[in-house]
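Visitor: Submitted below is the structure of interest, expressed as structure tokens.
Please treat every number below as a calculation from the coordinates, not as lab data. Bear in mind that the values here come from a model prediction, so they are computed numbers and not experimental data. Cβ placement follows ideal geometry from the backbone for every residue including glycine, while neighbour counts extend to all protein chains displayed.
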Amino acid sequence: MAAPIAVALDAPDLETAARWASQVTPHVSTVKVGLELYLRYGPDAIASVRGANRVQIFLDLKLHDIPATVAGAARSVARFKPAFLTVHAVGGPAMIRSAVDAAPGVCIAAVTVLTSLSDADLERVGMSGRSLDVARRLAALAVEAGARALVCSPHEAAALREEVGPDITLITPGVRPAGSANQDQARVATPEEALRSGADLLVIGRPITGAQDPGAAAAHIAAALRRTGVGQH
Ligand SMILES: O=c1ccn([C@@H]2O[C@H](COP(=O)(O)O)[C@@H](O)[C@H]2O)c(=O)[nH]1
């Protein structure tokens with residue numbers, strides 16, 4: 001069974017992204033197309049990483065604009081049938097609802113607090129309170145507005161699960177296997193910790209794509225997750 005991992009294909013070109021996708025898809029359920037790839041190649045990025053692979057596409061565009069604009073953007077990409085499309089929860093309930101209504105076949109995932117931000121960063125951008133409290137507040141608002149998935153750090157997964165219940169998909173970037181560098185991520189945990197905290201889908205990019213053999217790195221993490229027994233049916 002493919003592991004509940006979304007590999008972030010943050011590549012500078014289509015060939016690299018497609019190669020990573022075919023290396024990791026025997027081991028993971030999902031590949032993530034983000035701003036770097038989509039802004040350069042548009043829908044071709046989705047087509048080429050999907051290729052012949054049986055894999056879900058997570059389109060991580062983090063939409064954040066007025067409701068009408070976000071609705072138009074969500075409608076534009078819904079036809080490529082991503083499993084998930086991200087919006088920023090701070091865009092507010094009307095904006096989130098507009099994405100949900102515009103893309104009925106797509107699971108709208110609301111990003112709560114970026115995993116690169118520390119509590120001190122949050123304070124500086126004027127969001128008072130600990131990241132845990134801010135994420136909780138934004139999660140409740142997003143789910144009330146119709147989001148069916150939330151993006152948070154593994155540190156907040158257990159609290160958000162308590163807040164929104166069992167039916168909402170919790171997606172956690174900020175995942176670092178033991179011994180990997182944090183790079184620009186601030187709120188991190190290991191894959192095993194993220195799963196045990198209640199995450200449904202772990203976003204992992206550079207620890208896999210930066211490895212000499214991304215396929216082997218993905219297989220290694222997938223095997224470690226299987227050993228936890230969490231989420232296995
Ligand atoms: O809060 C967030 C939301 C999205 N991301 C995205 O996840 C990956 C993480 O990649 P790594 O290489 O594992 O750090 C990346 O595409 C981000 O855009 C996030 O990190 N945090």
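Visitor: In whole Å and largest first, what semi-axes does the C-alpha gyration tensor of the stretch 155-208 yield when each eigenvalue is scaled by 5 and square-rooted? Before the final figure, lay out the partial values.
Guide: Working: eigenvalues 90, 19, 16 Å².
Those come to 21, 10, 9 Å.
Visitor: Of all DSSP beta bridges in the stretch 30-128, what percent run antiparallel (nearest 5)? Intermediate values should be presented prior to the final figure.
Guide: Working: 0 of 12 bridges.
Beta bridges within the stretch 30-128, antiparallel portion: roughly 0 percent.
Visitor: Further, regarding this structure: Give me Rg/Rg_expected for the stretch 107-225, where Rg uses Cα atoms only and Rg_expected = 2.2 N^0.38 Å with N residues.
Guide: Details: Rg = 14.4 Å, N = 119, 2.2 N^0.38 = 13.5 Å.
Compactness ratio reported: 1.07.
Visitor: Same structure again: What number results when the radius of gyration of the stretch 3-228, computed over Cα atoms, is divided by 2.2 N^0.38 Å?
Guide: Working: Rg = 16.5 Å, N = 226, 2.2 N^0.38 = 17.3 Å.
Cα Rg divided by the expected 2.2 N^0.38 Å: 0.95.
Visitor: A follow-up question, please. Looking at PRO4, VAL143, PRO154, which one has the Cα that reaches farthest to the positive end of the dipole of the chain (charges on Cβ: Lys, Arg +1; Asp, Glu -1)?
Guide: PRO4
Visitor: Another question about this same structure. Could you state the number of Å between the C-alpha centres of the stretch 144-175 and the stretch 3-68?
Guide: Using only Cα atoms, the two centres lie 21 Å from each other.
Visitor: Something else about it: Can you give the net charge of the other residues whose Cβ lies under 9 Å from the Cβ of LYS32, counting K and R as +1 and D and E as -1? Write out the running numbers ahead of the final one.
Guide: Details: positive: none; negative: ASP10, ASP60.
With Lys, Arg at +1 and Asp, Glu at -1, the net is -2.
Visitor: Sticking with this structure for a sec: What's the magnitude of the charge dipole for the chain around its Cα centre, counting Lys and Arg as +1 and Asp and Glu as -1 at the beta-carbon? Answer in Debye, nearest 20.
Guide: With only Lys, Arg, Asp and Glu charged at Cβ, the dipole is about 440 debye.
Visitor: Return the calculated 222 nm mean residue ellipticity for the chain, to the nearest 500 deg cm²/dmol, obtained by summing -39500 (n - 2.57) across DSSP H runs with n ≥ 4 and dividing by the residue count.
Guide: Taking each H run of at least 4 residues, the total per residue is -13000 deg cm²/dmol.
Visitor: May I pose another question? Can you compute the charge dipole magnitude of the stretch 152-233 about its Cα centre, using +1 on each Lys and Arg Cβ and -1 on each Asp and Glu Cβ, nothing else charged? Give it in debye, rounded to the nearest 20. Don't jump to the answer; show the numbers that get you there.
Guide: Details: 7 positive and 9 negative charges, 56 e Å.
Roughly 260 debye, rounded to the nearest 20.
Visitor: So, one more: Within the chain, what is the longest stretch that has no trypsin sites (Lys or Arg not before Pro) placed in a DSSP loop and near at most 11 other beta-carbon atoms within 10 Å? Working shown, then result.
Guide: On the way: sites that count: ARG54, ARG79.
Excluding the exposed sites themselves, the longest stretch runs over 80-233.
Visitor: I've got another one for you. How high is the relative contact order of the chain, given as a whole-number percent (alpha carbon pairs under 8 Å, six or more residues apart)?
Guide: Values: 479 pairs, mean separation 43.4, N = 233.
Reported as a whole number, the value is 19 percent.
Visitor: Cβ under 13 Å from ARG196's Cβ, ARG196 left aside: what net charge do those residues give with Lys, Arg +1 and Asp, Glu -1? Display every interim value, and only then the final one.
Guide: On the way: positive: ARG161, ARG227; negative: GLU192, GLU193, ASP200.
Result for the local shell: -1.
Visitor: I would also like to ask the following. So if each residue of separation counts as 0.36 nm, and I subtract the Cα-Cα distance between LEU35 and ALA52, what length gain in nm does that give? If you can, show how the numbers build up before the last one.
Guide: Details: separation 17, 0.36 × 17 = 6.12 nm, distance 2.25 nm.
Taking 0.36 nm per residue and subtracting the Cα distance, the gain is 3.9 nm.
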